[in-house]
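Participant: Here you go, one structure.
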Amino acid sequence: MSDTVDKERGTETANPEGAAPADGDAVAPGAAPVVDPRLLVREQGFAGYLTDFKRRVRGGELGSLPVILGLIIIAVIFQSLNENFLSAGSVSDIGVYIAGTGIMATGIVFVLLLGEIDLSVGSVAGVGAAVWAVLSVTNGVNDWLSVVIAIFAGLVIGTLHGFFFARVGVPAFVVTLAGFLGWSGLQIWLMGSEGSINTPEGSVVEDLTGYYFEDIAAAYGLAVVSVLAYAAALLVDAKRRRAARLPSRPVSEIVVRTAVMAVVAFVAAYVLNQSRGLPLALVIFLAVLVIADFAVRRTTYGRQIFAVGGNAEAARRAGINVEWVRISVFGIAGMLAAFGGLFIASLSGGATKSLGAGNTLMNVIAAAVIGGTSLFGGRGKIWSALLGILVIQSIQQGLNLLGMASEIQYMITGAVLLAAVVIDSVSRRTQKTAGRT
Amino acid sequence: MAKEAVLALRGISKRFGAVQALTDVDLEVLPGEVIALVGDNGAGKSTLVKTIAGVHPIDDGTIEWQGGPVAINRPHDAQDLGIATVYQDLALCDNLDVVANLFLGNEARHAAVLDEIAMEKRAMELLDTLSIRIPSVRIPVASLSGGQRQVVAIARALIGDPKVVILDEPTAALGVEQTAQVLDLVERLRERGLAVILISHNMADVQAVADRVAVLRLGRNNGVFDVATTSHEEVIAAITGASDNAVTRRQARTGTAGLEKEAAK
């Protein structure tokens, strides 16, 4: 008995003593405004970069990490099952196959950033290919003009979706679902009695995926130019920030980033040169990505997209023309869908009545989501289209090499998509507890 | 009252259908002064503020800006004059960082390309002069506390160099320390010579920072009090109408107690 009483007394006397300093601590940050210990500012230097990175990962901001890990795992598994998976020819094929769906996925990333969805991209791709084929092949219109008209048709279709969504107020899900049905009907009508229209030899569309820069200087040159441009952009930014006395990236971080970029670029260039050279399709896809990324991250328009995706009402009160942003984003998605459709037509040898049907739509949306763009708007990167489509195409390529039937491919791609969304949801929950969205 | 009013409302009336929300309301706002706007729920505080902010155009009366009559028909008109409003729901984009939120709709840019460095620099300077402490100007607003979000929203109102800042219930959802932060900020706005219209339900906040208290009751003026010389109870009485009810009216008829109260007001 006396023991317990003593203990209780002990804790009783200890408590006030323990509480007093704690109170003092709580008051101190308010009184001394020099450095608030609660403020988490990234330290300067490389060590600061590492601690910041660790904190982000623990806080659930995984970024592209899971996808890159996933790609490495996919490469290791398929390479161990079939030694041809990482062969030059196979990698070159992946580089060409990703272009069409990847460009479509770039458009989907725009729409997802708004927090909306576009279910019509597959049908719009089909319409784009059909418009080009009917104009150029059947009616003998100038090839380039037909390509431009096909892409423009996609822009008009997307803008129409945007109009019904933003101006009339129909949910985007329904508008684009109607579009999914309606445009595939238009596609079949355009194709008329012919089941498919083959791409003629030497046409623009055939070159889209059929042309390779065979000179090895092309691939290496592109690698050199992009690495230099990347390093220069980082250095100029750091210099301007230092001049403005703002925290800037340490030189060590710039070196590491540039080195990683250089390794990726030169290995890719080397492997592509081992095969047929630098594919035109990949160059166009990368160009679309670079332009889209710049538009989204560095322009007022991109900022407006993020603002509308994050809080449309706040964006409206800030004077942003929310309707216009929404309509234009759907226009971009439609335009990129039609453009991607031309690549698909090029790959499959022509426009068909079923081009863009089947799992094209799912692959495109899955690519954007697997790459790490949130389904709920306001968060994501354009580059997630590249990473996501790489995952999907690698799996397909690997399973094709193993001679697996398409039903197995569907199941595995479905599982990967589910895994990606699970990672997204779990990391979002971690982020909520860590106070980040 | 030596200073000229930066914003003066004279005989403002506003009707919504069958509801007369504001009747003949007067309000003068002086530069370098915090005027609290108080009143019971439905007294017309929000309506009055929205007429100033241009959300609801007025039906009757005149609005004077620095001595001259002006028309405020759209939110844009108010912003152009130099009236900034911070609404209760803050209207921040959670996914954007602090700098992006501060400059949303008002970005520094070369052609269409954002000038992030200029914006970040200006944001740091602004936050420094207001002694606002936040973890980093490059973290998403979602990771800030309620008080920090409130001060970011107020700082954002200052980007356009306004002359009048309207704060709608800035401390309603905040804890003790965060409320203190926001009230400090309100005082700093006054030191910078801005006129602040503060809507609040919390009399402690009002007494802490306001110079004058304007009371609205049932859409009408119910007195303007000097905070330094007025007791808490008198203001509350004006808000609730305790100085004007059946008992006081009866006293006014029968005796002089009610008259004295009227005179005090």
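Participant: When you go through B:E120, B:E125 one by one, which is the residue that is charged (D, E, K, R), without any contact (Cβ under 8 Å) to a residue 12 or more places away in the chain and closer than 24 Å to B:L185 by Cβ?
Facilitator: Unique residue meeting the criteria: B:E125.
Participant: Go through segment B:97-137 and give me each residue that's charged (D, E, K, R), touching an Asp or Glu at 6+ places or on another chain (Cβ under 6 Å) and modelled with pLDDT of 85 or more.
Facilitator: B:R109
Participant: Can you run down the residue pairs with Cβ atoms below 8 Å, 6 or more apart or on separate chains, where the first is in segment A:339-363 and on the phi > 0 side of the Ramachandran plot and the partner is of a type in the set (K, R) and modelled with pLDDT of 90 or more?
Facilitator: none
Participant: Just to check your reading of the model, which residue among A:S184, A:S193, A:S248 is of a type in the set (S, T, Y), over 24 Å from A:L282 (Cα atoms) and surrounded by fewer than 14 Cβ atoms within 10 Å (Cβ to Cβ)?
Facilitator: A:S193
Participant: In segment A:305-321, is there at least one residue being touching a helix residue (DSSP H, G or I) at 6+ places or on another chain (Cβ under 9 Å) and within 20 Å of A:V227 (Cβ to Cβ)?
Facilitator: No, there is no match, as no residue in segment A:305-321 is touching a helix residue (DSSP H, G or I) at 6+ places or on another chain (Cβ under 9 Å) and within 20 Å of A:V227 (Cβ to Cβ).
Participant: May I ask you to list pairs of residues, at least six apart or on different chains, whose Cβ atoms are under 7 Å apart, with the first in segment B:224-244 being exposed (fewer than 14 other Cβ atoms within 10 Å of the Cβ) and the second being in a strand (DSSP E or B)?
Facilitator: Correct list of pairs: B:D226/B:R212.
Participant: Quick one: in segment B:167-182, of everything that is buried (at least 19 other Cβ atoms within 10 Å of the Cβ) and more than 12 Å from B:Q88 (Cβ to Cβ), which residue is modelled with the lowest pLDDT?
Facilitator: Selected residue: B:Q181.
Participant: Also, I was wondering about something else. B:L27 versus (1) within 14 Å of chain A (Cβ to nearest Cβ); (2) touching a residue at least 24 places away in the same chain (Cβ under 8 Å); (3) under 27 Å from B:V213 (Cβ atoms): which is the lone unmet condition?
Facilitator: Result: B:L27 fails condition (1) only.
Participant: OK, next. Residues that are closer than 30 Å to A:E323 by Cβ: which helices (runs of 4 or more DSSP H) entirely in segment A:154-270 hold 1 or more of them?
Facilitator: A:172-191
Participant: Just give me the residues in segment A:261-302 being among the β-branched types (V, I, T), free of Cβ contacts under 8 Å to residues at least 40 places away in the same chain and more than 14 Å from chain B (Cβ to nearest Cβ), in sequence order.
Facilitator: Residues satisfying the conditions are A:V263, A:V264, A:V267, A:V290.
Participant: Sticking with this structure for a sec: Which one of these does A:P250 not meet: (1) touching a residue at least 12 places away in the same chain (Cβ under 8 Å); (2) within 13 Å of chain B (Cβ to nearest Cβ); (3) not hydroxyl-bearing (S, T, Y)?
Facilitator: For A:P250, the exception is condition (2).
Quick grid of which residues meet (1) more than 23 Å from A:G309 (Cβ to Cβ); (2) touching a residue at least 60 places away in the same chain (Cβ under 8 Å); (3) not charged (D, E, K, R):
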| site | (1), (2), (3) |
| --- | --- |
| A:V147 | yes, yes, yes |
| A:I157 | no, yes, yes |
| A:H161 | no, yes, yes |
| A:F165 | no, yes, yes |
| A:L177 | no, no, yes |
| A:W183 | yes, yes, yes |
| A:G192 | yes, no, yes |
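Participant: Quick check, is B:V34 at negative phi and within 13 Å of chain A (Cβ to nearest Cβ)?
Facilitator: Considered against the rule, which asks whether it is at negative phi and within 13 Å of chain A (Cβ to nearest Cβ), B:V34 comes out as no.
Participant: Please list, ordered by first then second residue, the pairs with beta carbon atoms under 7 Å, 6 or more apart or interchain, first in segment B:168-197 and more than 16 Å from B:S145 (Cα to Cα), second surrounded by 15 or more Cβ atoms within 10 Å (Cβ to Cβ) and among the basic types (K, R).
Facilitator: B:L194/B:K163; B:A195/B:K163; B:V196/B:R190
Participant: Just the residues that are more than 23 Å from A:A47 (Cβ to Cβ) and either at pLDDT 95 or above or surrounded by fewer than 14 Cβ atoms within 10 Å (Cβ to Cβ) (or both), please, taken from segment A:231-243.
Facilitator: If the condition is that a residue be more than 23 Å from A:A47 (Cβ to Cβ) and either at pLDDT 95 or above or surrounded by fewer than 14 Cβ atoms within 10 Å (Cβ to Cβ) (or both), then A:A232, A:A233, A:V236, A:A243 are the ones that fit.
Participant: Filter segment A:377-419 down to the residues that are in contact with an Asp or Glu (Cβ under 9 Å, 6 or more places away or on another chain) and within 14 Å of chain B (Cβ to nearest Cβ), then identify the one that is nearest to A:A172 (Cα to Cα).
Facilitator: For segment A:377-419, the residue satisfying everything is A:G377.
Participant: Conditions first: (1) within 20 Å of B:V235 (Cα to Cα); (2) out of contact with any helix residue (DSSP H, G or I) (no Cβ under 6 Å at 6 or more places or on another chain). B:G67 passes all but one, so which condition is the exception?
Facilitator: Looking at each condition in turn, B:G67 falls short on (1).
The values are calculated or read from the model by the stated rules, or taken from the named source; none is laboratory data. Predicted, not measured: the structure shown is a model, and the values here were computed from it. Note: ideal-geometry Cβ built from the backbone for every residue, glycine included; neighbour counts use all protein chains shown.
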